[in-house]
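The values are calculated or read from the model by the stated rules, or taken from the named source; none is laboratory data. This one's a predicted model, so the numbers in the text were calculated from it and none came from an experiment. All Cβ positions, glycine included, derive from the backbone under ideal geometry; neighbour counts span all protein chains shown.
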Amino acid sequence: MLDETLAEQEGDFDADSRWALAWFEQCGFSPGEYGVAETLSKAKNTSVSGLVEAGIVRSKAGKVRLLKPSELSGDWDPTTDKRLTTWEMVHHLIRVLEAGGEGAAAELVAKLGSNAETARELCYRLYTLCERKKRAAEALFYNALVQSWPEITRLAREGRETTMKTETADLFE
């Protein structure tokens, strides 16, 4: 029943993230054959070159693999990303959480705005998939973000409220 519910949520994800989820289920972060990746990309209404452009895969020498959170760019900004994906949001949140803690993740959640909730849904889906496939090391990434989510969103909300109060005070000075 849980798997059915989670599968229904996949409709909330962009085409690149749906491809990444299917690829992750098959290969995890290990490389796979380019031909298989391209066939899957057509089924998910995207392309391998588009996935490379989105910054979520590496394609080289006939192999394709998803980038790990630690391989993602440290200067990524979702407000300027021209091909923003839910997959990317989740993995940048994991990268930021590991590097800077809940406060840093909260700053990113604030930038993501309403997209943050879709990222949480994908993270929970990935955690469940890792549990089912017995991928304990990968499950740890997603579990850490899921467990921290209430505090991260609280901090993001407080940050927005503080910013709004400051901006309002500045108007009356």
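For R83, the requirement of being in a loop (DSSP other than H, G, I, E, B) and under 15 Å from F13 (Cα atoms) is met. Whenever a residue of region 116-132 is touching a residue at least 60 places away in the same chain (Cβ under 8 Å), its partners that are acidic (D, E) and surrounded by fewer than 18 Cβ atoms within 10 Å (Cβ to Cβ), lying with C-beta atoms within less than 7 angstrom and at least six residues away or across chains, give the pairs T118/D12; E121/D12; L129/E25. Can you work out which of the residues in region 90-137 that are among the small types (G, A, S) and buried (at least 18 other Cβ atoms within 10 Å of the Cβ) is nearest to the chain's Cα centre (by Cα)? Ranking the candidates gives A119 first. Looking at region 75-86, can you tell me whether even one residue there is crowded, with 18+ Cβ neighbours inside 10 Å and of a type in the set (D, E, K, R)? No; the residues of region 75-86 include none that is crowded, with 18+ Cβ neighbours inside 10 Å and of a type in the set (D, E, K, R).
Results for (1) modelled with pLDDT under 95; (2) of a type outside the set (K, R), shown as yes or no for each residue.
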| site | (1), (2) |
| --- | --- |
| Y124 | yes, yes |
| Y142 | no, yes |
| R154 | no, no |
| L171 | yes, yes |
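The set of residues from region 96-130 being under 21 Å from L66 (Cβ atoms) and of a type in the set (K, R) comprises R120, R125.
Please go through region 106-165 and pick out each residue that is basic (K, R) and under 18 Å from R95 (Cβ atoms).
Taking region 106-165 and keeping what is basic (K, R), we get 111, 120, 125, 132-135, 154, 157, 160, 165.
Within region 106-165, K111, R120 meet the criteria.
The single condition among (1) in contact with a strand residue (DSSP E or B) (Cβ under 9 Å, 6 or more places away or on another chain); (2) touching a residue at least 60 places away in the same chain (Cβ under 8 Å); (3) buried (at least 16 other Cβ atoms within 10 Å of the Cβ) that D14 does not satisfy is (1).
Taking the criterion of being assigned to a loop (DSSP other than H, G, I, E, B), touching a residue at least 24 places away in the same chain (Cβ under 8 Å) and at negative phi, the residues of region 41-73 that qualify are K44, T46, I56, L67, K68. A single entry from T128, T118, T153, T80 fulfils the requirement of being closer than 19 Å to E53 by Cα and of a type in the set (S, T, N, Q): T80. Checking each residue in region 156-167 for being of a type outside the set (D, E, K, R) and either in contact with a Cys (Cβ under 9 Å, 6 or more places away or on another chain) or at pLDDT 50 or above (or both) picks out A156, G159, T162, T163, T166.
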